[in-house]
Structures are given as structure tokens and as C-alpha cells.
1. Here are some residues: LEU10, LEU82, LEU59, LEU87. Which one is open to solvent by less than 60 Å² (accessible area, probe 1.4 Å) and part of a strand (DSSP E or B)?
2. Just need a number here: residues in region 208-233 that are without any contact (Cβ under 8 Å) to a residue 60 or more places away in the chain and exposed (fewer than 15 other Cβ atoms within 10 Å of the Cβ).
3. In region 258-289, how many are assigned to a loop (DSSP other than H, G, I, E, B) and crowded, with 18+ Cβ neighbours inside 10 Å?
4. Every residue in region 215-254 that is among the hydroxyl-bearing types (Ser, Thr, Tyr) and at pLDDT 95 or above, please.
5. Go through region 177-190 and give me each residue that's open to solvent by less than 50 Å² (accessible area, probe 1.4 Å), touching a residue at least 24 places away in the same chain (Cβ under 8 Å) and not in a helix (DSSP H, G or I).
6. Taking the options SER99, SER83, name whichever one is within 30 Å of ASP197 (Cα to Cα) and among the hydroxyl-bearing types (Ser, Thr, Tyr).
7. Would you pick out the residues in region 34-56 that are open to solvent by less than 10 Å² (accessible area, probe 1.4 Å) and small (Gly, Ala, Ser)?
8. Among the candidates HIS183, HIS176, single out the residue that is at pLDDT below 95 and within 26 Å of PHE234 (Cβ to Cβ).
Amino acid sequence: MRYQALIEKLNTLAVDCAENVPMRQHTTFRIGGAARLIAQAADDEQLRQILLLCKEHALPHFILGNGSNLCVKDTGLDCVVLSTNGLQNKDVSDDNRISCGAGLRLSELCGFALRHSLTGLEFAYGIPGTVGGAVFMNAGAYGGEMKDIVESVRFLDETLSWCELPANALHFSYRHSVFAQNHGIITNVTLRLRRGDTEKIKAAMDDVMLRRKTKQPLDMPSAGSVFKRPEGQFAGALIEQCGLKGKQIGGARVSEKHAGFIVNTGGASAADVRALIALIQQVVAHETGFFLIPEILFV
């Protein structure tokens with residue numbers, strides 16, 4: 001009854017929503033049972049209105065970006081999944097700042113920066129996530145991280161009030177930001193870039209993409225790098241060292257192309273992924289002394 005009452009109010013607000021949607025359709029892993037309800041906000045204020053309604057009806061919620069660092073349980077999510085896909089706004093200022101919505105894809109943001117001859121984002125080209133997700137986990141690759149370019153973040157706090165914090169208050173560290181603790185919901189991000197040469201920026205982006213295509217299993221469903229980088233080591237190298245490339249449980253397999261990735265060979269379940277991760281952790285810990293910590297989020 002609570003869900004039905006919520007749906008009626010969402011319809012009044014003209015919110016795009018659907019019931020019992022398989023989460024495998026909304027994750028790059030192509031894994032996950034059905035979400036009780038998925039709602040997509042058209043802008044940040046509508047997102048706040050949906051959250052207020054969830055609070056009013058005492059319904060739990062989960063914020064969904066591109067679903068690229070995510071493994072959803074096979075039984076699905078008994079909550080309201082709020083997609084940020086509608087938060088796609090982007091604008092550039094004369095002082096080399098880009099302001100954009102949390103739901104904007106990183107690849108689109110990189111292209112936008114290129115068109116305005118702004119450098120600093122090249123490392124993010126090809127990361128299959130949204131701006132909000134990238135800030136939340138301080139995504140990085142090829143020598144760059146979001147902390148290098150974020151100037152400020154606008155978000156909703158736990159009381160659903162609007163807040164804004166500068167980069168030095170976001171507690172950025174390796175694959176971490178303050179949002180892991182304060183439970184803020186990122187809606188807008190301001191980035192500080194530098195003026196650059198368009199051809200050089202494009203060349204750098206092309207180089208990053210070529211390296212990704214050469215080294216990563218982009219042709220198969222995955223959630224990206226499974227494990228955080230151990231101190232002084234690389235997770236993929238340790239996994240390969242232990243002879244686990246190609247190891248498979250159910251439909252989940254350690255990629256032969258890059259051992260730091262687990263790929264869905266077809267019909268993989270979240271249980272398959274969890275079992276394979278547990279096996280990798282056990283073997284790597286026993287043979288190398290390193291305990292690998294997952295980077296992907298399990299819900």
C-alpha cells in the first residue's frame with residue numbers, strides 16, 4: 001500500500017517510474033534481481049521531492065548512477081531505486097570551470113571538455129560511470145583522480161537540505177570521499193580544469209582508450225576493477241601470480257585478459273560473483289599474504 005501511494009504521488013509529479021524492473025538491465029555487470037520500484041528524477045529538485053516522499057512513506061531508497069561499480073543481489077532490491085540519469089546538465093565558464101549534474105556520463109563530460117579545449121579529464125575517458133559516482137568513490141586511472149579536478153560539490157544531506165562543500169572538505173583518498181560517511185546525495189559537481197590544446201587533449205584521450213581496449217575485457221559485462229589496489233602491489237598481478245586467470249564459478253570468470261576483472265560469461269549470478277571473490281581472497285591471502293578488499297559495491 002505504501003508503494004502504491006508513493007506511485008500515485010510520483011505520477012502527479014510526472015516522475016518517470018516503473019515497478020519490478022530487473023536490475024541486470026541497469027548494471028554493467030548485467031546481474032541483479034528486480035527492484036521494487038525505479039524512479040528517475042528529471043532534475044535535482046525533483047530528486048529531492050522524490051526523496052521527501054520516500055521519507056513520508058517510510059520507504060528505503062538507493063541512489064543509482066550508471067550501475068558500473070555494482071553487484072546487485074539475486075533476490076533484488078525491496079526499495080525505491082532513484083536513478084540520477086536525468087541529472088545531465090553541463091555548463092562551462094570563462095575561467096575554465098565546468099559545472100555538471102551527477103548523472104552525466106564521464107565519457108560525455110570528457111567529450112564536452114575536449115570541445116572546449118579544457119585539459120585535466122583525460123584520465124577519466126572510458127571509465128563507465130557517472131560524475132556523481134566518480135566523485136563518491138574518487139575514481140581514478142592512469143595517474144589521475146577526481147580529487148585532482150573537483151572544486152566543489154552540491155548535495156542533499158541526511159535531512160534533505162541543500163549543502164555545498166569545497167574539495168578540501170571532501171576527505172578524498174584512494175577510492176574514498178566524505179560521502180561514504182555523511183550519506184550525502186551528490187547532485188552537482190564543479191570541476192576546475194586548464195586551458196589546453198585540443199589536438200593534444202584528443203590524442204591523450206585516444207591513448208587512454210587504446211590502453212583500456214588493449215588491457216581490459218571491455219567486450220564482456222563486468223563491474224570494472226573488482227579489488228582495491230594493495231599497498232605497493234596490483235590486485236590483478238597478484239591474482240595472475242596465483243594462477244587464477246580463467247577461474248570460473250557458475251557464469252562468473254576471472255578475465256583472461258585482465259585478472260583484476262571478473263566477467264559475466266552469460267547468466268552469472270551475484271552468488272557466483274561472491275563465491276569467486278571469496279575464493280580469490282582466500283588463495284591470494286594464502287599464497288602472497290595480501291588480503292584483497294573489494295572495490296565494487298554489493299547491494
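1. Answer to the check: LEU82.
2. Total meeting the criteria: 8.
3. So the answer is 5.
4. If the condition is that a residue be among the hydroxyl-bearing types (Ser, Thr, Tyr) and at pLDDT 95 or above, then SER222 is the only one that fits.
5. SER177, GLY184, ILE185, ILE186, THR187, ASN188, VAL189, THR190
6. Going through SER99, SER83 in turn, just one is within 30 Å of ASP197 (Cα to Cα) and among the hydroxyl-bearing types (Ser, Thr, Tyr): SER99.
7. Passing the criteria: ALA35, ALA39, ALA41.
8. Residue meeting the stated conditions: HIS176.
The values are calculated or read from the model by the stated rules, or taken from the named source; none is laboratory data. Values in this document were obtained by computation on a predicted structure and should not be read as measured data. Don't worry about glycine lacking a Cβ; one is built from the backbone with ideal geometry, like all the others, and counts go over all protein chains shown. The accessibility values were calculated without ligands, DNA or RNA, using every heavy atom of the protein model including side chains. Shrake-Rupley method; radii C 1.70, N 1.55, O 1.52, S 1.80 Å.
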